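A.B. asks: Let me give you the structure first, and then I'll get to my questions.
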Protein chains: 4
Amino acid sequence: MIILMKTGCTKVQIDSVISMLQAKGLDANLSVGREATVIGVLGDKSKLNTENIEVMDGVEKCVPIMHSYKLASREMVPEGRKVTVQNVTFGGEKLVMIAGPCAVENEEQITKAALGVKAAGAQMLRGGAYKPRTSPYAFQGLEDEGYRLLRKAADAAGLLCVSEVVDAQDLTAAGKYCDMIQVGARNMQNFRLLREIGRSGLPVLLKNGIACTIEEWLDAAEYILSEGNQNVVLCERGIRTFETATRNTLDVSAVPVVKERSSLPIIVDPSHAAGKRSLVTPLAMAGIAAGADGIIVEVHPDPKVAMSDAAQQLTLPNFEEFMGKCRKVAAAAGRTL
Amino acid sequence: MIILMKTGCTKVQIDSVISMLQAKGLDANLSVGREATVIGVLGDKSKLNTENIEVMDGVEKCVPIMHSYKLASREMVPEGRKVTVQNVTFGGEKLVMIAGPCAVENEEQITKAALGVKAAGAQMLRGGAYKPRTSPYAFQGLEDEGYRLLRKAADAAGLLCVSEVVDAQDLTAAGKYCDMIQVGARNMQNFRLLREIGRSGLPVLLKNGIACTIEEWLDAAEYILSEGNQNVVLCERGIRTFETATRNTLDVSAVPVVKERSSLPIIVDPSHAAGKRSLVTPLAMAGIAAGADGIIVEVHPDPKVAMSDAAQQLTLPNFEEFMGKCRKVAAAAGRTL
Amino acid sequence: MIILMKTGCTKVQIDSVISMLQAKGLDANLSVGREATVIGVLGDKSKLNTENIEVMDGVEKCVPIMHSYKLASREMVPEGRKVTVQNVTFGGEKLVMIAGPCAVENEEQITKAALGVKAAGAQMLRGGAYKPRTSPYAFQGLEDEGYRLLRKAADAAGLLCVSEVVDAQDLTAAGKYCDMIQVGARNMQNFRLLREIGRSGLPVLLKNGIACTIEEWLDAAEYILSEGNQNVVLCERGIRTFETATRNTLDVSAVPVVKERSSLPIIVDPSHAAGKRSLVTPLAMAGIAAGADGIIVEVHPDPKVAMSDAAQQLTLPNFEEFMGKCRKVAAAAGRTL
Amino acid sequence: MIILMKTGCTKVQIDSVISMLQAKGLDANLSVGREATVIGVLGDKSKLNTENIEVMDGVEKCVPIMHSYKLASREMVPEGRKVTVQNVTFGGEKLVMIAGPCAVENEEQITKAALGVKAAGAQMLRGGAYKPRTSPYAFQGLEDEGYRLLRKAADAAGLLCVSEVVDAQDLTAAGKYCDMIQVGARNMQNFRLLREIGRSGLPVLLKNGIACTIEEWLDAAEYILSEGNQNVVLCERGIRTFETATRNTLDVSAVPVVKERSSLPIIVDPSHAAGKRSLVTPLAMAGIAAGADGIIVEVHPDPKVAMSDAAQQLTLPNFEEFMGKCRKVAAAAGRTL
């Protein structure tokens, strides 16, 4: 970190900053220039709070040189990490395609979905068991029974499966039934949940919060990684903006930005960003063109009767066409599907 | 709810919407006009998903007439609710002033803060025990020991106390030590936590999420109320905007909007909105002028050494001056302090 | 438009709304239902202000059925418009590639850029003559001399050219030198300028404002179209969001949304969205995959010495590689380049 | 400005940065530390583009020490500027109250408004002649005739008057009829207009753009000041956020922030922020409590028939009550009204 002192700061002020740093076991490296006096800080900066320094007399501002995440950074694994879940690998040449309904509604629905998406080429089945809903009066999911039905359908179709966890208390059940767990947008900064997932070692799909920055997202991933769980895959699912034509705005630039700053694989969720069936395919194609390592998309055997997200779920025939278009763009981007 | 059919929709399409409604036990009231065909829906709309209707053939759009929250609505308690915590009442003529450090750091610090804010006229002591932090490497609070020290300091000063809960698992400890618990911005939509708080019956201060709308906030309050807990006080703590001069942007208009739409008391947190000591007092004054039922403000006996939020915490002398200014504005707004 | 009356509204209130409508020469179509009373409005709604109705006693809300733009709507030209500028057509199978420096700096620079981008396959040269800059002390462009040098370079290379107009007073000069003019983000709602461009008949590239919705953008296009100028091409250049890793956030979903709602061609500007060279190519690829009709990209013969936007301009070798990648994605999306 | 070099940068890279700076006539002050190498830059930085430096090899980042505006800064006039328009002074102890309809509609309406707001204590009359409207089909104002009627009404009531200018071409007419001109949110970055206003010397009310930062706003003010016009008053009118309960979100913290960073007076427009009559008074009170130097508020003799902004305009009796409440808060904040 660099501490920039105010023009005209006094020697006493400078000394007081240096003493404070030394008291915390840090090294201070002073450079006095004509325009600016600068103090470089060496050592374990986690002992330091930028804010405490910025309120000291004579200090203009602190300029962090390093980001706060380490394990999630690109520098840590310059060639990029691969996350393997059973027979599926995120971050390789082959994209991972995850498909299935918003929510597990009943055995017939999830089984139809599973068989259908498998036939069209998906590798993993999605389906919500615990649904975080804005209103307490909306359908909240089948809970643990949902996990069980998802597993059964995935097995019947020969697919892996992934489902959301909304509280640390459900990790045991989720881990029993799912190959991978998902952290939704609303829980991206549920730090307790992140730590527990870190301890569980379960492969995890970490979605971005709707109003968080990429740096904050990587800090959230760091919570999981710092507990020893390396199996983290990021999922860009759209951010809140002023646009009302879409449910959220897919930040497709998050894909190349994450590739530069982090070693973690990143996939794209076009369904929640679009909020509308007709936009799902172009957004998935855009995500792949930008370099995504996979797609997670909502597919329902009969969206008209879906208990949630009806407007944005693809039908099974839609999904087949979708796969065809994604395959072409993947090839153009030097990937396979 | 009003369902607006597309211009030129067919009788078959209209009948199909009506059948669907009737199958769910709802009444449909058809009005065919020259420009528009409209279907009014009567009955328990919680059985209905707007999205499922909007994807039906012939449907233009659904127009909700009612908001999704009921218990939190103004209609439920037109004169406004009062929430009483021991000897303190939110929503009456007298404003509730809550003050104390960002985090409980040690016994001496929290005790000094408690005695100081009590002397200047505060009724309740704040202090974080569990601190949700963006980075896993930042100070995360003293946890349960923090609750214990907070209680001890509050008792020593003759104050009530409030502290944040970040997970349902901590409710027992929080309830043992605190008079009121707080849900922070990041947990506004942690629905599991909200439900558990609803079941606990503990008085709760519910902060708004940084990118949520007021309607979503009232839906979150509804989660608590719908479990039978009436003791909900809202706290406006700022929203994320493009402005960088402040840590967040205090949405002072939330105060009169909540007063119109909801029966719940609402207080203002100027500290997290401002992010900077010099802005705290004018923002508190603005909140009171707009009709807030109280203020929660960060005060630290020695902000320079604070372990978090150093830049925005008032000193004890600052707080005394702050109270004087707030008192004048409260009087101008027809309230006491 | 549909006017929804409040539950329990009186006959006098209903009559008063109907009289008001009739006084404006509009037809009112009343439907009285059990849950809702609804008044449909027929005729030229431009005489009507939604707000005036919403403040009338007994009125719950007004629900517009139609958007406010007509000429810009998809319904007007369901097959989509093609905009032809000399020998280049926007909206056909072949994408339009526009490239060149942020600003025209001198004859040598713009000529090098022109020859380079032509060699790599661009059809049109870009280069700013009037630069809207946040600070009055920043480089503001060569003004009319910039237009002249741009024209000269375009002619030398056998390219068309496009440049920004920031005020109606510059339209004559711009029209003399440029094949197409550009309206930048800050002027998207400079309605006087839009009208004058409408009257000029000049082909125009209309960028979106950084905090505007797509509906507002189409309303802005309507200003130009309603003056008789059909030659409007939209350009998505990114929106302001909370993300700091990119200069703006490319809203790639604007491409398919515009294709659904409007007949106008739409191209993508990856440079201003990215703000950083390394992100430009993936964003352009994403835009093309999502269905864009072309790309406008910043290319400078020597970005290190560029007088503006140095960080985001491609070099000429970068641009050649860029074209190769875009060509592959275009083919995958069923287009040519 | 401070240039921070990358860890491990080479001597050649450092020399190359220094040469570049010297070639632009700037002094470079090198400090080589163990952790960081820093180059301080002295001289006229307007010759420098941060971006050009950041793309140089070996450069980590540039840290500006100074903001880009000078004349608008607090440092320039530490005690704060006063802007006097005839017999009215912005920035003194007495607040300036400006009231009147959104738009001048006809002589009777504006005259009634003028007499009414004068009677209740306003000093200045507002009324739009040129109305920037999202759709070309909405009412666009009476144009120059509007200015004339506004002047006539103001004179009849003994008030000063202010009205918006949307294009440099209207400055002559506006200057002839108005005591002060207004730049609206959409034109905050219409730099040509700002420069022309700077040259005109006319007193100006500069509103903030709905998605601009305070720094960008002060840069906009700098455009006017740098042309020699000192008579600039800022007006906070709300920003765009995700909140839908209000038309915009009043950023009340802009008041104390502007007071710290700038010498310019600042007033508050509660009407456009609120978008709804019932919220106007609490927002005005909040603005005054936060330290605003005045209020501009929409008042219409008969809002029901207003041609624009019907929902947010106060009636004359509303305005009288409004003035009473504002007066009390002003006194509590140590001001008069």
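A.B. asks: Mind listing just one residue for me: the one in the range B:117-133 that is touching a Leu at 6+ places or on another chain (Cβ under 7 Å) and part of a helix (DSSP H, G or I) and, of those, surrounded by the fewest Cβ atoms within 10 Å (Cβ to Cβ)?
C.D. replies: Within the range B:117-133, the match that is surrounded by the fewest Cβ atoms within 10 Å (Cβ to Cβ) is B:118.
A.B. asks: Within the range D:170-192, can one find any residue that is of a type in the set (Ser, Thr, Tyr) and more than 12 Å from chain C (Cβ to nearest Cβ)?
C.D. replies: Yes.
A.B. asks: State the number of residues belonging to the range B:302-334 that are more than 11 Å from every other protein chain (Cβ to nearest Cβ), surrounded by 19 or more Cβ atoms within 10 Å (Cβ to Cβ) and charged (D, E, K, R).
C.D. replies: Number of matching residues: 0.
A.B. asks: Determine which single condition residue C:175 fails, assuming it passes every other condition in (1) over 22 Å from the mean Cα position of the chain (by Cα); (2) part of a helix (DSSP H, G or I).
C.D. replies: Among (1) over 22 Å from the mean Cα position of the chain (by Cα); (2) part of a helix (DSSP H, G or I), the lone unmet condition for residue C:175 is (1).
A.B. asks: Moving to a separate point now. Out of the range C:303-321, which residues are in a loop (DSSP other than H, G, I, E, B) and of a type outside the set (Ser, Thr, Tyr)?
C.D. replies: Selection gives C:306, C:307, C:309, C:313.
A.B. asks: Please work out which residue is farthest from the chain's Cα centre (by Cα), limiting yourself to the range B:96-116 and to residues that are touching a residue at least 60 places away in the same chain (Cβ under 8 Å), buried (at least 24 other Cβ atoms within 10 Å of the Cβ) and over 25 Å from residue B:169 (Cα atoms).
C.D. replies: Restricting to residues being touching a residue at least 60 places away in the same chain (Cβ under 8 Å), buried (at least 24 other Cβ atoms within 10 Å of the Cβ) and over 25 Å from residue B:169 (Cα atoms), the top hit is B:113.
A.B. asks: While we're here: Go through the range A:115-150 and give me each residue that's over 30 Å from residue A:330 (Cα atoms) and in contact with an Asp or Glu (Cβ under 7 Å, 6 or more places away or on another chain).
C.D. replies: A:129, A:130, A:134, A:135, A:136, A:149, listed by residue number.
A.B. asks: Specify which of the listed residues (D:271, D:263) is of a type in the set (Ser, Thr, Tyr), more than 10 Å from every other protein chain (Cβ to nearest Cβ) and farther than 19 Å from residue D:240 by Cβ.
C.D. replies: On the way: D:271 fails: farther than 19 Å from residue D:240 by Cβ.
The match here is D:263.
A.B. asks: Hey, any hits in the range B:140-151 for a residue that's part of a loop (DSSP other than H, G, I, E, B) and either at the interface with chain A (Cβ under 8 Å from one of its Cβ atoms) or among the polar types (S, T, N, Q) (or both)?
C.D. replies: yes
A.B. asks: Have a look at C:37, C:7, C:84 and point out the one that is surrounded by fewer than 16 Cβ atoms within 10 Å (Cβ to Cβ), at the interface with another protein chain (Cβ under 10 Å from one of its Cβ atoms) and either within 30 Å of residue C:258 (Cα to Cα) or β-branched (Val, Ile, Thr) (or both).
C.D. replies: Answer to the check: C:7.
A.B. asks: Please determine whether any residue of the range D:288-301 is among the small types (Gly, Ala, Ser) and surrounded by fewer than 24 Cβ atoms within 10 Å (Cβ to Cβ).
C.D. replies: Checked the range D:288-301: at least one residue is among the small types (Gly, Ala, Ser) and surrounded by fewer than 24 Cβ atoms within 10 Å (Cβ to Cβ).
A.B. asks: Shifting gears a bit: Every residue in the range D:18-31 that is touching a residue at least 12 places away in the same chain (Cβ under 8 Å) and either within 38 Å of the chain's Cα centre (by Cα) or under 16 Å from residue A:38 (Cα atoms) (or both), please. Steps first, please.
C.D. replies: First, pick out the residues of the range D:18-31 that are touching a residue at least 12 places away in the same chain (Cβ under 8 Å): D:18, D:20-21, D:24-30.
Across the range D:18-31, the qualifying residues are D:20, D:21, D:24, D:25, D:26, D:27, D:28, D:29, D:30.
A.B. asks: Could you please tell me which pairs satisfy a Cβ distance under 7 Å, a separation of 6+ or placement on different chains, a first residue in the range D:315-326 that is over 18 Å from residue D:102 (Cα atoms), and a second residue that is assigned to a loop (DSSP other than H, G, I, E, B)?
C.D. replies: Cβ pairs passing all conditions: D:323/D:121; D:326/D:337.
A.B. asks: State all residues of the range C:205-249 that are more than 27 Å from residue B:243 (Cα to Cα), among the small types (Gly, Ala, Ser) and not in a loop (DSSP other than H, G, I, E, B); if no residue qualifies, say none.
C.D. replies: C:221
A.B. asks: Here's another thing I want to ask about it. Of all residues being basic (Lys, Arg) and assigned to a helix (DSSP H, G or I) in the range C:250-287, which is nearest to residue C:76 (Cα to Cα)? Just the residue, please.
C.D. replies: C:261
A.B. asks: Another question, then. Look through the range B:53-81, keep the residues that are within 14 Å of chain A (Cβ to nearest Cβ) and at pLDDT 90 or above, and return whichever of them is surrounded by the most Cβ atoms within 10 Å (Cβ to Cβ).
C.D. replies: Filtering first and then ranking leaves B:72.
A.B. asks: Taking residue C:201 as the residue in question, decide whether it is surrounded by fewer than 24 Cβ atoms within 10 Å (Cβ to Cβ), in contact with a Leu (Cβ under 7 Å, 6 or more places away or on another chain) and either over 30 Å from residue D:242 (Cα atoms) or in contact (Cβ under 8 Å) with a residue 40 or more places away in the chain (or both). Even if it seems obvious, please write down each step before you answer.
C.D. replies: Values: surrounded by fewer than 24 Cβ atoms within 10 Å (Cβ to Cβ): yes; in contact with a Leu (Cβ under 7 Å, 6 or more places away or on another chain): no; either over 30 Å from residue D:242 (Cα atoms) or in contact (Cβ under 8 Å) with a residue 40 or more places away in the chain (or both): yes.
No: the conditions fail for residue C:201.
A.B. asks: Can you pull out the strands (runs of 3 or more DSSP E) entirely within the range C:53-105 that have at least 1 residues that are of a type in the set (Ser, Thr, Tyr)?
C.D. replies: C:83-85, C:88-90
A.B. asks: Sticking with this one: If you go through the range A:205-218 one residue at a time, do you hit one that is more than 10 Å from every other protein chain (Cβ to nearest Cβ), buried (at least 24 other Cβ atoms within 10 Å of the Cβ) and farther than 24 Å from residue B:138 by Cβ?
C.D. replies: Yes, the range A:205-218 contains at least one residue that is more than 10 Å from every other protein chain (Cβ to nearest Cβ), buried (at least 24 other Cβ atoms within 10 Å of the Cβ) and farther than 24 Å from residue B:138 by Cβ.
A.B. asks: Follow-up question, since we're still on this one. Can you name the residue in the range B:158-176 that is surrounded by fewer than 20 Cβ atoms within 10 Å (Cβ to Cβ) and in contact (Cβ under 8 Å) with a residue 12 or more places away in the chain and is also farthest from residue A:190 (Cα to Cα) among such residues?
C.D. replies: Filtering the range B:158-176 for residues that are surrounded by fewer than 20 Cβ atoms within 10 Å (Cβ to Cβ) and in contact (Cβ under 8 Å) with a residue 12 or more places away in the chain, the one farthest from residue A:190 (Cα to Cα) comes out as B:158.
A.B. asks: I'm told residue A:159 meets every condition in (1) in contact with a Lys or Arg (Cβ under 7 Å, 6 or more places away or on another chain); (2) on the phi > 0 side of the Ramachandran plot except one. Can you identify the failing condition by its number?
C.D. replies: Residue A:159 satisfies all of (1) in contact with a Lys or Arg (Cβ under 7 Å, 6 or more places away or on another chain); (2) on the phi > 0 side of the Ramachandran plot except (2).
A.B. asks: Working only within the range A:288-301, note down all residues that are within 28 Å of residue C:325 (Cα to Cα) and away from chain C (no Cβ under 14 Å). Walk me through how you get there before you give the answer.
C.D. replies: Let us first name the residues in the range A:288-301 that are within 28 Å of residue C:325 (Cα to Cα), namely A:288-297.
If the condition is that a residue be within 28 Å of residue C:325 (Cα to Cα) and away from chain C (no Cβ under 14 Å), then A:294, A:296, A:297 are the ones that fit.
A.B. asks: Can you find a residue that is farther than 24 Å from residue A:276 by Cα and touching a helix residue (DSSP H, G or I) at 6+ places or on another chain (Cβ under 7 Å) anywhere in the range A:90-107?
C.D. replies: Within the range A:90-107, the subset farther than 24 Å from residue A:276 by Cα is A:90-94, A:107.
Still in the list and also touching a helix residue (DSSP H, G or I) at 6+ places or on another chain (Cβ under 7 Å): A:107.
Yes, the conditions are met somewhere in the range A:90-107.
A.B. asks: Filter the range C:274-287 for residues that are at the interface with another protein chain (Cβ under 7 Å from one of its Cβ atoms), buried (at least 24 other Cβ atoms within 10 Å of the Cβ) and over 24 Å from residue C:84 (Cα atoms) and give the result.
C.D. replies: C:274, C:279, C:282, C:283, C:286
A.B. asks: Looking at the range A:238-246, can you tell me whether even one residue there is more than 7 Å from every other protein chain (Cβ to nearest Cβ), at negative phi and not β-branched (Val, Ile, Thr)?
C.D. replies: No: the range A:238-246 contains no residue that is more than 7 Å from every other protein chain (Cβ to nearest Cβ), at negative phi and not β-branched (Val, Ile, Thr).
The values are calculated or read from the model by the stated rules, or taken from the named source; none is laboratory data. Just so you know, these numbers come straight off a predicted model, no measurement behind them. So basically every Cβ, Gly included, is an ideal-geometry build from the backbone, and we count neighbours across all protein chains shown.
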